[in-house]
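Only the coordinates and a few stated rules stand behind these numbers; no lab work does. Since the model is a prediction, treat every value here as computed from it, not as a measurement. Here Cβ is always computed from backbone atoms with ideal geometry, including for glycine, and neighbour counts include all displayed protein chains.
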Amino acid sequence: MKHLIQATIAMAAATLCLSAAAAPVTFTANLSSAGEPVPTSTATGFATVSFDDALFSVNVQVSWTGLANTMAFGHIHCCTAVGNTGNAGVALGFNPLPALTTGSYNDTFTLSSTAFNNLLTGTTDGKAYVNIHTPGLYAGGEIRGFLTPALTVPEPGSLALAMLALGVAGFAGKKRSLAVR
């Protein structure tokens, strides 16, 4: 019986680890003019970037409000020399954006494994940022934000499996303490 309980716990833990590895890795950023060459824009935005390592794909979702011009273009820059500061070259372009001063954008890109892994590593290290540029005064960048790990909520199945493993472990511990008496 003891071996059956241990095997059940090991199987639950392995399943939990495998299901976690298959989930996309998601990062978010609040976008503002802080860090831009001309940091005077009052525009703001929010970005969500998800990496799927099974498909080598990157999903980019960006929303913004109050841009100075309707001819915006955007991209992810990577990798700065120091995390959460500085400038870097374009790693993933996502333009043209909709011709709106307030709007949103959503697209998925499939990258080579090398490009995907380089961007994921740089993003994980805090060295990647989303940037929206507009012509004129803000051609060098109007709003930006460094990507940080998103808070994740476990899937219901993963949570149920973890609860089952804890319950089995608790039951085994209680049974063993009763047998010792």
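What to note about this one:
- Theoretical gain in end-to-end length, Asn30 to Asn95 [0.36 nm per residue, Cα-Cα removed]: 21.5 nm
- Order of Tyr138, Tyr105, Tyr129 under a 10 Å beta carbon neighbour criterion, fewest first: Tyr105, Tyr138, Tyr129
- Estimated inter-spin distance, Thr85 and Thr70, nm [label 7 Å along Cα→Cβ]: 4.0 nm
- Taking a sphere under 11 Å around the Cβ of Asn84 and counting the other residues whose Cβ falls inside, with K and R at +1 and D and E at -1, yields a net charge of 0.
- Label-point separation in nm, Ser104 to Val38, each point 7 Å along Cα→Cβ: 2.9 nm
- Neighbour net charge for Thr108 - beta-carbon separation under 15 angstrom, K R +1, D E -1: -3
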